[in-house]
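Down below is the structure, laid out as structure tokens.
Rule-based calculations on the coordinates, nothing more; no lab input. Since the model is a prediction, treat every value here as computed from it, not as a measurement. Here the Cβ is made from the backbone with ideal geometry for all residues, glycine too, and neighbour counts use every protein chain on show.
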């Protein structure tokens, strides 16, 4: 694996829909198979069927990403202070070598309480700095913000309007985000406004007024995701809907297939300082040795050079097309701090 920052994907809903599948595949093609995936049960750990919530995602990815030979491990890190908790190093071993780490539906505040300052969260941050992609859907996406919306507490239990301190995944990158999934939700029908993650527009307006200064609201429509490339300082909207960004009282809209500069979300900057894996968890193996079999063809090498030029010109669509052509020749491109290298597709 490279030392390059991994991608981050935020999904509002529909992670097992065709739109979600396309997002997962856009990430998967960056890694040489077998693709190692870790799925944490944590966001739904309070549910008696949290294993099935995560298991459905695992079953879907096993089929959807079959050509990447996925090796999927569900990590039952459900509750702190128990054998099935996020501080049990034996449960977390597969995190240290994962290419893709996923968390999804559940409760945002439960996710924060269970993960903050744990071995699991420290391992996730370290693996991301080492090149692993982090995909957060629904509740997990909300929990990753500077503040988290207490959806269950307000919508289900009638708590007073308030925000909960989030995991602040993006803080080291200069982004102070309030991530709101299910932005255009309509499940309440004509009688009940359930947009803005079930808060409704009127109630959410009051919540927005309570946000700490300089916080950016990132609203993500249903069946929509944002893939963020923190190396390149840009994101791409994928799926059925779009994004709503509210910053300094101004609202911007980004629709599907649009590229969004991460500076639109705040004072974005890269953060390259390494984060060590918790010593209690086994360290990942050394990066695989360079290919000792047949060398890449001249055609593959030429396409790599063309892709590097496209990246330098920020022609991301062309760069992605060239990556796919290289894959058809039997090679995966791994982007490292020292440039691109080719890894053979396993048979």
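A few comments on the model shown:
- The ranking of 128, 269 from fewest to most other beta carbons within 10 Å of each one's beta carbon is 269, 128.
- The angle between the Cα long axis of helix 298-312 and the main principal axis of the chain comes to about 40°, on a 0 to 90 degree scale.
- Label-reachable residues, segment 66-104, where backbone N falls under 14 Å from a point 7 Å from residue 343's Cα toward its Cβ: 68-71, 97-101
- Using alpha carbons only: equivalent-ellipsoid semi-axes of segment 148-189, gyration tensor based, whole Å: 24, 15, 6
- The translational diffusion coefficient of the chain, from Stokes-Einstein at 10 °C and 1.306 mPa s with a Kirkwood hydrodynamic radius over alpha carbon pairs, comes to 77 µm²/s.
- Segment 172-214 has equivalent-ellipsoid semi-axes of 25, 12, 4 Å, by the square roots of 5 times the alpha carbon gyration tensor eigenvalues, sorted largest first.
- Cα-based shape type of segment 101-169, given that a ≥ b ≥ c are square roots of the gyration tensor eigenvalues and the cut on a/c is 1.5: prolate
- Distance between the modelled labels on residue 90 and residue 117, one decimal in nanometres: 2.6 nm (7 Å Cα→Cβ projection).
- Estimated Rh, segment 298-344: Kirkwood, alpha-carbon pairs, angstrom: 10.4 Å
- For the pair residue 211 and residue 82 in one chain, pulling the backbone fully straight at 0.36 nm per residue adds 43.0 nm over the alpha carbon distance.
- Order of 103, 313, 228 under a 10 Å beta carbon neighbour criterion, fewest first: 313, 228, 103
- Antiparallel DSSP beta bridges within segment 8-265, as percent of all bridges there, nearest 5: 55 percent
- Here the gap between residue 267 and residue 251, fully extended at 0.36 nm per residue and compared with their Cα-Cα distance, gives a gain of 4.1 nm.
- Longest to shortest principal axis, alpha-carbon extents of segment 122-244, angstrom: 47, 30, 24
- Projecting label points 7 angstrom from Cα along Cα→Cβ for residue 320 and residue 58 puts them 3.0 nm apart.
- Degrees between helix 119-129 axis and first principal axis of the chain (Cα, 0 to 90, nearest 10): 50 degrees
- If you plug the beta carbon distance of residue 162 and residue 187 into 1/(1 + (r/R0)^6) with R0 = 30 Å, you get a FRET efficiency near 0.85.
- Sorted by Cβ neighbour density within 10 Å, fewest at the top, the residues 60, 198: 60, 198
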